[in-house]
Amino acid sequence: GKTYKIAVIPGDGIGQEVMPCGLKSLHAASARFNFNLAITTFDFASCDYYDKHGKMMPDDWVELLTPFDAIYFGAVGDPARHPDHITLWGSLLQMRRQFDQYVNLRPCRLVKGVPSPLADPGEIDFWIVRENTEGEYSEIGGKIFEGTERETVIQETVMTRIGVDRILKYAFELAKTTRRKRLTSATKSNGIKITMPYWDDRFKLMSKSYPEVTTEQFHIDILTAHFVAKPSHFDVVVGSNLHGDILSDLGPAVTGTIGIAPSGNIHPEAKFPSLFEPVHGSAPDIMGKGIANPVGMIWAGQMMLLHLGEKQAAEAMMKAIDRVLGEADQSVLTPDMKGKGTTQKLGDAIAEAIASV
Ligand code: NAD
Ligand code: IPM
Ligand code: MN
């Protein structure tokens, strides 16, 4: 079978705890479906690395990571040790930009066995398409009159025509070809006067090329309400970097826990490696306890296999996740899913299921 070169970066906190589960499931898939994973693990993009080297990544990180077919990433950040904007802008956010991973694809699905906080959630199955290289996440701005009463800070939002159009096109294509043909756009064009109406205009223009896709636009504030009040309404939801970020914690929370949510930072043109990670962070509040939910990490591995073209293996991984969670065995589910299980127990159950589903 084929061999894929995978860069593994566990990072900080529970990133290091869920990564072994993700790898165990991937190895189970590779053993069964006859492909090989050539794995190289890196210790950078972590607070430990920062303590040793005074920076988050080595100077040649681009050369190191470029040859890989994909990057499998845990989580980074520990605000008790170093400020988040230093650790994140020194690692994950650099990778997303350097490797032009302009699509951040984040599926949200209510999985049988995972209790939702909603009394009557219905069927929830939507995918968030988050712009991932520009928007509100920019380094443009500055501080003046620092330390005085007139202290002023400015942070610019950047939207380019290429950047907006390519994420919208990805979302329209996804809605049309693989999903249920409904596309929701999240903006805030009543209050944010220049960038958000621009996004709306590009969205309207592109919708003319996709007559088979039903479109709608909501301001982000009411959209968060709809996410809670009628989550089953949504199919594909596209938004700017910050809007997509917020919606992709809210969506999974509505389906029970952010601990199961996966994320693909995708560079569709395949000139650079794409990066797969859970949506959640390093969760300092539960780190070291062995109770982190490993499903987000494993599901991200599933997205990685699909991206690499291992369709059958990806289907088996998804089935295994669904089966193990669906059995809703309290001794296996982690506490965020109202169970009493551990990271390792749940991870082992899924890896075992992959061999046989
Ligand atoms: P977080 O996602 O780490 O945690 C939020 C809450 O969800 C916590 O109560 C945590 O215990 C819980 N949680 C998260 N993942 C879980 C899992 N797998 N199982 C069970 N419970 C889980 O978000 P935060 O607290 O805002 O951030 C903590 C650190 O992680 C910060 O440094 C932040 O910048 C960083 N962060 C990194 C990433 C990333 O690497 N992609 C993403 C988000 C946050
Ligand atoms: C995410 C995270 C990151 C983001 C942070 C850690 C910079 O919240 O991947 O959703 O905002 O993109
Ligand atoms: Mn986030």
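Annotations for the structure displayed:
- When segment 113-133 is filtered for residues that are over 24 Å from ALA175 (Cβ atoms) and away from ligand 1 (no atom under 16 Å from the Cβ), the ones remaining, listed by number, are LEU118, ALA119, ASP120.
- Within segment 319-338, the residues that satisfy the criterion of being buried (at least 19 other Cβ atoms within 10 Å of the Cβ) and in a helix (DSSP H, G or I) are ALA320, ILE321, VAL324, LEU325, ASP336, MET337.
- In segment 244-253, the residues that are away from ligand 1 (no atom under 12 Å from the Cβ) and closer than 15 Å to TYR102 by Cβ: GLY244
- When the residues of segment 249-263 are filtered to those that are among the small types (Gly, Ala, Ser) and buried (at least 23 other Cβ atoms within 10 Å of the Cβ), the one that is farthest from ligand 3 (Cβ to nearest atom) is GLY256.
- Subset of segment 274-290 [more than 13 Å from ligand 3 (Cβ to nearest atom) and buried (at least 22 other Cβ atoms within 10 Å of the Cβ)]: SER274, LEU275, PHE276
- Tally of residues being away from ligand 1 (no atom under 12 Å from the Cβ) and aliphatic (A, V, I, L, M) across segment 72-112: 4
- Options LYS176, LYS169, LYS188; residue that is without any contact (Cβ under 8 Å) to a residue 60 or more places away in the chain and more than 22 Å from the chain's Cα centre (by Cα): LYS188
- GLU156 fulfils the conditions (1) acidic (Asp, Glu); (2) surrounded by 15 or more Cβ atoms within 10 Å (Cβ to Cβ); (3) free of Cβ contacts under 8 Å to residues at least 40 places away in the same chain except for a single criterion, (2).
- Any hit, segment 112-125, residues being among the small types (Gly, Ala, Ser), without any contact (Cβ under 8 Å) to a residue 60 or more places away in the chain and over 22 Å from LYS208 (Cα atoms): yes
- Among the candidates MET317, MET303, MET297, MET287, residue that is within 12 Å of SER25 (Cα to Cα), touching a residue at least 24 places away in the same chain (Cβ under 8 Å), assigned by TED's automatic domain parsing to the domain that holds ALA38 and within 16 Å of ligand 2 (Cβ to nearest atom): MET297
- Of all residues in segment 130-148, those that are within 29 Å of PHE99 (Cα to Cα) have Cβ atoms under 6 Å from Cβ atoms of residues that are of a type in the set (D, E, K, R), 6 or more apart or on another chain, in ASN132/ARG96; THR133/ARG97; SER138/GLU156; ILE140/GLU156; GLY141/GLU156.
The values are calculated or read from the model by the stated rules, or taken from the named source; none is laboratory data. Treat the numbers as computed from the prediction; the structure is a model and nothing was measured. FYI the Cβ positions are ideal-geometry reconstructions off the backbone, even for glycines, and counts take in every protein chain you see.
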